[in-house]
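Okay, structure first, notes after.
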Amino acid sequence: MFLSTQLIWAMDVGTIAAAYTSEVKDEIEEEALEEDKSAEELAKQLANPIAALISLPFQLNYDRGYYHSTGDDSNKWTLNIQPVVPISLNEDWNLISRTIVPIVRMDNTPPGNGIESGVGDIVQSLFLSPALPTENGWVWGIGPVFLIPTDSDNISARKWGVGPTAVALKQDGPLTYGVLANHLWSIAGEDIEDDNGNVLNDISQTFVQPFFSYTTSEAITVTTMMETTYNWNATNGNEWSVPIFLMVSKVDKIGGQLVNYAGGVKYYAQSPDGGAEGWGARIVFTFLFPK
């Protein structure tokens, strides 16, 4: 009888333990699922240039082939520090600040010129954007863009610039697609002239960035885009610079810090004389600070 009671008690304890283990397992799986959903949503927000998400990207670019050189004879490294800060104006409108601070190293650009480095000109964009998408699901923003010269030798254009900027995009399930554009005119600053007295650094430049991305449930995003620049002051077929990108990114955690890391390649479909040619690369590491 005692043995039978022990056996029944042991079976009850085993049943309770199994039920507890199953409940804990379900809770862990549910928490993991919620984390995956949260990471997926963050990945989708990152695909939106004007999302209400504070982020601090460090974007490293490698370009080569300047002045029709081969291999690494003439190349350029650019680390873009790009803080994005959304400001809620009221329930209906946000103001999104996007800043690009480039730190540049040029090796033999042009060939034989040695190594030059410094802080490139800063681009500051401000987008006024509705807090909610339109009835058709479109997100848009519009505002000014500013060019702030740093006067770094042989890196800065030494011109102040201003112009309009705009973005429009739609997020449909895992897909995000849209276009970002701006135009900059120089308005003040130091003139750099050639031997004939022609000003070389006046700016009238249009930038257009169409993009298309797909985000998986594992918070992995595949993006293809172009960063097209048209220089209205250039001549003889030197107006266009058209790098095409293919990038893969992933939202993750390092300790308690949410991050996103990305990498990919680019190919210059067209570039001006003296510009980068062929293949290049981009690596991005972003700190995320969701509200």
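Listed here are the residues, each with its yes/no results for (1) polar (S, T, N, Q); (2) at pLDDT 95 or above.
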position	(1), (2)
Ile50	no, no
Ser55	yes, yes
Gln59	yes, yes
Tyr67	no, no
Asp72	no, no
Leu79	no, yes
Pro83	no, yes
For this session: State all residues of the range 129-154 that are closer than 30 Å to Asn201 by Cα and at pLDDT 95 or above; if no residue qualifies, say none.
Result: Gly141, Ile142, Gly143, Pro144, Val145, Phe146, Leu147, Ile148, Pro149, Thr150
Problem set entry | Selection from the range 254-271 of residues that are assigned to a loop (DSSP other than H, G, I, E, B) and modelled with pLDDT of 95 or more | Ser271
Exercise. Exactly one of (1) open to solvent by 60 Å² or more (accessible area, probe 1.4 Å); (2) closer than 22 Å to Ala269 by Cβ; (3) polar (S, T, N, Q) is unmet by Asn113. Its number?
Worked result: (2)
For this session: Go through (1) out of contact with any helix residue (DSSP H, G or I) (no Cβ under 9 Å at 6 or more places or on another chain); (2) assigned to a loop (DSSP other than H, G, I, E, B); (3) not β-branched (Val, Ile, Thr) one by one and return the number of the condition Pro111 breaks.
Result: (1)
Exercise. With respect to the numbered conditions (1) in contact (Cβ under 8 Å) with a residue 24 or more places away in the chain; (2) open to solvent by 20 Å² or more (accessible area, probe 1.4 Å); (3) within 27 Å of Asn94 (Cβ to Cβ), which one is the sole condition not fulfilled by Gly256?
Worked result: (1)
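Considering only the range 77-97, how many residues are open to solvent by less than 70 Å² (accessible area, probe 1.4 Å) and part of a strand (DSSP E or B)?
11
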Exercise. Does the range 61-68 contain any residue that is of a type in the set (Gly, Ala, Ser) and either surrounded by fewer than 15 Cβ atoms within 10 Å (Cβ to Cβ) or part of a strand (DSSP E or B) (or both)?
Worked result: no
Exercise. In the range 235-253, which residues are out of contact with any helix residue (DSSP H, G or I) (no Cβ under 9 Å at 6 or more places or on another chain), surrounded by 16 or more Cβ atoms within 10 Å (Cβ to Cβ) and either on the phi > 0 side of the Ramachandran plot or not hydrophobic (A, V, I, L, M, F, W, C) (or both)?
Worked result: Glu239, Ser241, Pro243
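The values are calculated or read from the model by the stated rules, or taken from the named source; none is laboratory data. Given the structure is predicted, the values throughout are model-derived calculations rather than measurements. We place every Cβ from the backbone using ideal geometry, glycine too, and count neighbours over all the protein chains shown. To get the accessible areas, we keep the full protein, side chains included, count just its heavy atoms, and leave off ligands, DNA and RNA. Shrake-Rupley method; radii C 1.70, N 1.55, O 1.52, S 1.80 Å.
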